[in-house]
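The values are calculated or read from the model by the stated rules, or taken from the named source; none is laboratory data. These figures come from a predicted structure and were not determined experimentally. Ideal geometry is used to build each Cβ from the backbone, glycine not excepted, and the neighbour counts take in all protein chains shown.
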Amino acid sequence: MNKNLVQQVTATQIRNDIPDFATGDTVKVMVTIRENNKERQQAFEGVVVSVRGSGASRTFIVRKDSAGVGVERNFFINSPILASVVVLKHGKVRRHKLYYLRNLSGKAARLEEIIRKDKIANNIAATKTNADKKKAAEREKNKEAKEAKVAKTEEAANTAEVKAPEAK
């Protein structure tokens, strides 16, 4: 009974909007930062060094190089401060923990990129739908602009006709 209760509670805390990623992937994590009464989002982009845990307590470490200094940051996957996580590219790695990257810098710290076929199809589909939405919005905007221009010229013509008989 207690196990079921714990599973039910943790199931409510797990977020489904975070994409699947693995160690070696380059991700862009948007973090919500609260300063005084203001909220803003800050990007933290780097390589996933480690993923550990499961369920509500799952965490990952992202490492980036900032002004020649390595910076690592731990994130809870289900944390409310994570606004979004975007996987930029998938790295080819043969280890689950990439702690050896701490001793490398510059070109030596790069990972070879791999292309996942299942992810390509999803990305292409998402890109096409986004592009189609943008084009449709542009067409609608242009159509509205043309209609407004036509209405304006018709209104100008009507006012000119009204003024012309008065002159006679």
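To keep it simple, each residue is scored yes or no on (1) modelled with pLDDT under 75; (2) assigned by TED's automatic domain parsing to the domain that holds Val27.
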site: Ala109; (1), (2): no, yes
site: Lys128; (1), (2): yes, no
site: Arg139; (1), (2): no, no
site: Val150; (1), (2): no, no
site: Asn158; (1), (2): no, no
site: Glu161; (1), (2): yes, no
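State whether the residues of the stretch 77-95 include one that is in a helix (DSSP H, G or I), in contact with a helix residue (DSSP H, G or I) (Cβ under 9 Å, 6 or more places away or on another chain) and either farther than 30 Å from Gln8 by Cβ or at pLDDT 85 or above (or both). Give the steps one after another, and end with the answer.
Residues of the stretch 77-95 that are in a helix (DSSP H, G or I), as a first pass: none.
No, there is no match, as no residue in the stretch 77-95 is in a helix (DSSP H, G or I), in contact with a helix residue (DSSP H, G or I) (Cβ under 9 Å, 6 or more places away or on another chain) and either farther than 30 Å from Gln8 by Cβ or at pLDDT 85 or above (or both).
Taking the stretch 42-71, which residues are free of Cβ contacts under 8 Å to residues at least 24 places away in the same chain and of a type in the set (D, E, K, R)?
Selection gives Arg52, Arg58, Lys64.
Check off (1) touching a strand residue (DSSP E or B) at 6+ places or on another chain (Cβ under 8 Å); (2) without any contact (Cβ under 8 Å) to a residue 12 or more places away in the chain; (3) loosely packed, with under 10 Cβ neighbours inside 10 Å; (4) not hydrophobic (A, V, I, L, M, F, W, C) for Glu39 and give me the number that stays unchecked.
(3)
Filter the stretch 1-45 for residues that are acidic (Asp, Glu) and assigned to a strand (DSSP E or B); which is nearest to Ser66 (Cα to Cα)? Steps first, answer last, please.
From the stretch 1-45, those acidic (Asp, Glu) are 17, 20, 25, 35, 39, 45; that's our starting set.
Going one step further and asking which of them are assigned to a strand (DSSP E or B), we end up with 35, 39, 45.
Numbers: Glu35: 22, Glu39: 23, Glu45: 10 Å.
Result: Glu45.
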